[in-house]
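For reference, the structure discussed in these notes is given below.
Derivation of every value follows stated rules applied to the coordinates shown; laboratory data play no part. The shown structure was predicted, so the numbers you read here are calculated from the model rather than taken from an experiment. Positions of Cβ are generated from backbone atoms using ideal geometry, with glycine treated the same way; all protein chains shown enter the neighbour counts.
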Ligand SMILES: Cc1cc2nc3c(=O)[nH]c(=O)nc-3n(C[C@H](O)[C@H](O)[C@H](O)COP(=O)(O)O)c2cc1C
């Protein structure tokens, strides 16, 4: 059984995928469940994760991502799209979920609801977009760790044109913005990158203990 650190050493940002190898339905479900369980501020999950399987759509997206081949060749493409219109209604929806899940009256959540709504109302649209897109990176991190545990390869990617992605995927009318993406699948044996040593700052440089 691999440990967490073995898995994190095993994973790498895969550059070349074996297009013939697909993730099983069971593993895909585990990855989705891991992403679903990610932490988010207040628990709001102000995003959607769009999984693109359609080959034609992925070909178009590759054109808007500097031709990066993982976009088309990996088994699945995850698009982490933040909710740039996050509003009071989204908070109400979340309160209903808490109420149903925990069996508490929704009125008992008014204090929490008002506090979150007040915080959101105080944000400019740029600040809101920034805050909700930051939440997507936590979900991305969870996906990367979960994939490594399943020995599924993944490539986190910011190298794409978000405006073009939003256009291709029709995100504007859904109030979504493509924040960050990840290709997941299985490495091509000939991807030399898999043999590169990990380059990371030593702990003494990375951590400050006060
Ligand atoms: C948010 C984010 C965006 C990234 N964007 C790209 C990208 O567009 N294309 C790519 O090949 N790698 C991309 N990477 C991969 C990084 O270059 C890689 O994670 C880093 O060099 C460390 O290497 P490792 O992940 O293989 O250990 C990205 C990584 C992160 C976390």
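Assorted remarks:
- Calculated FRET efficiency, residue 163 to residue 110, Cβ-Cβ distance, R0 = 30 Å: about 0.20 to the nearest 0.05.
- For the pair residue 51 and residue 200, label points projected 7 Å from Cα toward Cβ lie 2.8 nm apart.
- Mean ellipticity per residue at 222 nm, deg cm²/dmol - from DSSP H runs of n ≥ 4 across the chain, formula -39500 (n - 2.57): -13500 deg cm²/dmol
- Global geometry of region 11-126, whether rounded, prolate or oblate, following the gyration tensor of its Cα atoms and the 1.5 cut on a/c: prolate
- Sorting 197-203, 164-170, 106-112 by their mean Cβ neighbour count within 10 Å, with the most densely packed peptide first, gives 164-170, 106-112, 197-203.
- Whether the chain is rounded, prolate or oblate, judged on the alpha carbon gyration tensor where a/c under 1.5 counts as rounded: prolate
- Were the residues from residue 173 through residue 37 laid out at 0.36 nm apart, the gain over their Cα-Cα distance would be 46.3 nm.
- Pairs of Cα atoms nearer than 8 Å and 6+ residues apart set the relative contact order; for region 1-116 it is 27 percent.
- Potential lengthening between residue 59 and residue 134 on full extension [0.36 nm per residue; Cα-Cα distance subtracted]: 24.3 nm
- Between helix 125-149 and the chain: long-axis angle, C-alpha atoms, 0 to 90°, nearest 10: 50
- Rel. contact order, % - alpha carbon contacts under 8 angstrom, at least six apart, the chain: 36
- Protection proxy ranking for 149-156, 75-82, 8-15, using the average of other Cβ atoms within 10 Å per residue and placing the highest first: 75-82, 149-156, 8-15.
- Across region 54-139, Cα pairs under 8 Å and at least six residues apart give a relative contact order of 32 percent.
- Summarised as an ellipsoid, region 1-57 has semi-axes of 23, 21, 12 Å, derived from the eigenvalues of the Cα gyration tensor scaled by 5 and square-rooted, with the largest first.
- Theoretical gain in end-to-end length, residue 126 to residue 22 [0.36 nm per residue, Cα-Cα removed]: 33.6 nm
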